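Enquirer: For reference, the structure I am asking about is given below.
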Amino acid sequence: MAIVSAEKFIKAARENGYAVGGFNTNNLEWTQAILRAAEAKKAPILIQTSMGAAKYMGGYKLCKTLIENLVESMGITVPVAIHLDHGHFEDALECIEVGYTSVMFDGSHLPLEENLEKAKEVVAKAHAKGVSVEAEVGTIGGEEDGIVGDGELAPIEDAKAMVATGIDFLAAGIGNIHGPYPANWKGLHLDHLEKLTAAVPGFPIVLHGGSGIPDDQIQAAIKLGVAAAAALIIPTVASADSYTVKSGDTLSEIAVTYNTTVEKLASVNSIANVDFITVGQILELDPEATAPVATETATVEAAPAATDNSAAAAPAAQAETTTSYTSNLGTSDAQAKEIIAQRESSGSYTAQNGQYYGRYQLTMSYLNGDLSAENQERVADSYVAGRYGSWSAALAFWNANGWY
């Protein structure tokens, strides 16, 4: 099956009462993890790149080729769609040309008529090449002048008009929010979703912001017509028959500990490169593997690291992912800051694109040699305050220009 347009498998999900996951990738390792999980669950998947992620990964063509090569090298058999997430008009057209199999044109920040017209253009060009199209009506929730919104409810008539453009699936607000959810978030408006699905019967609805929505609400939304759920975080839980990789681990050492082989672990977990595992990665153990063995005489050595000049075993990769720095932002600015971070780097403190580095893709000169998460947060706040006055204003500029 491999790489396909998303239209058929999302339509099948809608008709059969389940949803397909859409996950944003940031690099090779995230893509491997998404593909491993999809293959293990025998589930179709949308692998998504944001405009910011594609920028620092080297462009849309590189992202598309990376996913294609991994699908082939990992022997993936489930349907995989290469999807642009929240793309501007020009980005959607570029992705259609370079070979993405699905695109999201997000014109929700535009006047409705312009959003509809551009969506029609994207549909015409995409469908001519067999590419599926997602579009959006409505905008995200947040705080404005001290009033907290719990996520916009997309107007029913707007949704019907967008469906009429010929798109294949629709993102429409039902109280869901991109970025962190406020503590007083009231939950999804399932009553509005019911009205929405009644207005566009049988049409697939996409639920964005899935990472912060409780499972029971996601399940309820699926029953009412959601056919795809987009998330930026892949939650994983280790079972009794699994092992969570720690800093310094190698696959050979884990194999010795659990009385199995590198080859079996690689096969069970669809690992293409046995010299590379990552901290936090959950490895399913060989069903015949035993409990950890206590030994001081094991002689099995790790395979060479996947580098050009080193003969040492490749330890699990580790990156800084948290910070103690506090921005003290209001809800709307905190949401705007998170949206920009996800668009620029998918939230990675170690993402690099030439002179631009980290979660907010700041120049090395701005960071002044300090690449810590705390400094990135502090410098980003200072930069935005000086240039735009607020993160909300910076996001408005980003929406209009594709950068900030």
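Since every read-out is calculated from the coordinates, none of them should be taken as a lab result. Given the structure is predicted, the values throughout are model-derived calculations rather than measurements. Quick reminder, even Gly has a Cβ in these numbers, built from the backbone with ideal geometry, and neighbours come from all protein chains shown.
Enquirer: Can you work out the Karplus-derived ³J(HN,Hα) for every residue in the range 37-45? Use 6.51 cos²θ - 1.76 cosθ + 1.60 with θ = phi - 60°, whole Hz, and x for glycine or proline.
Expert: Result, rounded to whole Hz: 5, 4, 5, 4, 8, 6, 10, x, 8.
Enquirer: In what sequence do Val4, Val103, Val20 fall when counting other Cβ within 10 Å, fewest first?
Expert: On the way: Val4 18, Val103 28, Val20 25.
Starting with the residue having the fewest Cβ neighbours, the order is Val4, Val20, Val103.
Enquirer: Multiply the residue separation of Glu29 and Ser73 by 0.36 nm, subtract the distance between their alpha-carbon atoms, and state the gained length in nm to one decimal. Present the calculation step by step, with values, prior to reporting the outcome.
Expert: Working: separation 44, 0.36 × 44 = 15.84 nm, distance 1.37 nm.
Once the chain is fully extended between Glu29 and Ser73, it gains 14.5 nm.
Enquirer: Roughly what would the spin-label model give for Thr326 and Leu62, points 7 Å off Cα along C-beta, in nm?
Expert: Calculated label separation equals 3.9 nm.
Enquirer: Quickly work out the Ser382-to-Lys246 label distance, labels modelled 7 Å from Cα along the C-beta direction, and quote it in nm with one decimal.
Expert: According to this spin-label approximation, the distance is 3.8 nm.
Enquirer: Taking the alpha-carbon set of the range 1-109, what are its Rg and Dmax in Å?
Expert: Every Cα atom of the range 1-109 included, Rg and Dmax give 13.2, 40 Å.
Enquirer: Could you give me D for the range 331-401, from Stokes-Einstein at 25 °C and 0.890 mPa s, where the hydrodynamic radius is the Kirkwood radius over C-alpha pairs? Units µm² s⁻¹, please.
Expert: Working: Rh = 12.0 Å.
The Stokes-Einstein estimate is 204 µm²/s.
Enquirer: Full extension from Ala400 to Ala199: what is 0.36 nm times the residue separation minus their Cα-Cα distance, to one decimal in nm? Provide the component values of the computation, followed by the final result.
Expert: Values: separation 201, 0.36 × 201 = 72.36 nm, distance 3.08 nm.
Answer, rounded to one decimal: 69.3 nm.
Enquirer: Among the listed pairs Lys11/Lys64; Lys11/Lys223; Lys8/Lys64; Lys42/Lys337; Lys41/Lys264; Lys11/Lys120, which have their C-alpha atoms separated by more than 26 angstrom in this model?
Expert: Details: Lys11/Lys64 23 Å; Lys11/Lys223 14 Å; Lys8/Lys64 20 Å; Lys42/Lys337 35 Å; Lys41/Lys264 19 Å; Lys11/Lys120 20 Å.
Lys42/Lys337, as the Cα separations exceed 26 Å there.
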